[in-house]
1. Between a residue in the stretch 126-139 that is at positive phi and any residue that is part of a helix (DSSP H, G or I), which pairs come within a Cβ distance under 8 Å, given they are 6 or more apart or on different chains?
2. Is it the case, given these coordinates, that residue 285 is out of contact with any strand residue (DSSP E or B) (no Cβ under 7 Å at 6 or more places or on another chain) and over 22 Å from residue 234 (Cα atoms)?
3. Among the residues of the stretch 45-75, how many are buried (at least 16 other Cβ atoms within 10 Å of the Cβ), at pLDDT 85 or above and not in a strand (DSSP E or B)?
4. When the residues of the stretch 133-149 are filtered to those that are in a loop (DSSP other than H, G, I, E, B) and at pLDDT below 85, which remaining residue is surrounded by the most Cβ atoms within 10 Å (Cβ to Cβ)?
5. What is the residue count in the stretch 87-111 for residues that are part of a helix (DSSP H, G or I) and over 15 Å from residue 149 (Cα atoms)?
6. Quick check on the stretch 320-335: of everything there that is assigned to a loop (DSSP other than H, G, I, E, B) and surrounded by 14 or more Cβ atoms within 10 Å (Cβ to Cβ), which residue is modelled with the lowest pLDDT?
7. Check the stretch 83-97 and report whether any residue there is in contact with a strand residue (DSSP E or B) (Cβ under 7 Å, 6 or more places away or on another chain) and under 14 Å from residue 71 (Cα atoms).
8. Against the definition (under 24 Å from the mean Cα position of the chain (by Cα), buried (at least 17 other Cβ atoms within 10 Å of the Cβ) and on the phi < 0 side of the Ramachandran plot), how does residue 290 come out, yes or no?
């Protein structure tokens, strides 16, 4: 069946759900259960359904506009990413249309629909977990150029250019192990990025025959100074790690502040490694060792690949899938 002829009515008839339920599920509405959504998305994928706005855009001419989807702008790495992409696109004669999802799957689904309806020539995006992978796959299957800016462990058949967070955490933990640490803590959230980092941390422990103690893992809801400040106390006072990996520099800096207020010497009593290598890391009272996120390399390779995909759109058979993993660098300082 031709992709452009498929309507939500056909999906409703095939699945037995109402058209309204199908519509809400395709939009990622939280009103629809995960089980119902999974059935509807599977049917949509089987029928090669794409929204009308997507179908219309696929036959339009180039607009020289690229859509950018980011999860937030408060994160300095994402802000720098947006700035780098904009400068690179300008040099290639493209404009940028920026959408922020606030880490919401529903807002991400809406952002994808808006950008495609505006007939952008392609999309660069940080995905929100895996909620909209079926929608992203539909775009890819219909030859729409889309590049993920994360994707180390993502099981989705689309192009991705990403910093290997798992490798970065593996190197951080290995650095501590080489320094003689065995009780290595980990502070992070439950998002996909932090899970990748935790997997690297766990792999380093396993490869060095250090038993994993789940009590050494502390959880945070956010990624700011206050999150690290509040998380380190219970962890340090209960299980006494000698070193801690934090999934963001700001978490590490907040934790270090808690230590200084209590006379805990860094790194003599407790060592820290953060992620991203933000400017504040190098200017901290005790300069923070950090896993550097190479924004310039990611944006350069991602925009180059997107331009290639736009040019190859008329001949998709010559465009094999690419997942470009960029190995991060550990910037060693005094923490």
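The values are calculated or read from the model by the stated rules, or taken from the named source; none is laboratory data. For clarity, every value in this text was computed on a predicted model and none was experimentally measured. Cβ sites come from the backbone with ideal geometry, for glycine too, and all protein chains shown count toward neighbours.
1. Sorted first by the residue in the stretch 126-139, then by its partner, the pairs are 129/105; 129/192.
2. yes
3. Result for the stretch 45-75: 1.
4. Let us first name the residues in the stretch 133-149 that are in a loop (DSSP other than H, G, I, E, B), namely 142-145, 149.
From the residues that got through so far, the ones that are at pLDDT below 85 too are 142-143.
Working: 142: 17, 143: 14.
That would be 142.
5. Pass one, the stretch 87-111, residues part of a helix (DSSP H, G or I): 87-91, 105-111.
This time we only want the ones that are over 15 Å from residue 149 (Cα atoms), so: 87-91, 105-107, 109-111.
Going through the stretch 87-111 one residue at a time, the tally reaches 11.
6. Among residues in the stretch 320-335 that are assigned to a loop (DSSP other than H, G, I, E, B) and surrounded by 14 or more Cβ atoms within 10 Å (Cβ to Cβ), the one modelled with the lowest pLDDT is 322.
7. The initial filter retains those residues of the stretch 83-97 that are in contact with a strand residue (DSSP E or B) (Cβ under 7 Å, 6 or more places away or on another chain), namely 85-86, 89, 94-97.
Next, from what is left, pick out any that are under 14 Å from residue 71 (Cα atoms): none.
So far as the stretch 83-97 goes, no, none of its residues is in contact with a strand residue (DSSP E or B) (Cβ under 7 Å, 6 or more places away or on another chain) and under 14 Å from residue 71 (Cα atoms).
8. Working: under 24 Å from the mean Cα position of the chain (by Cα): yes; buried (at least 17 other Cβ atoms within 10 Å of the Cβ): yes; on the phi < 0 side of the Ramachandran plot: yes.
Yes.
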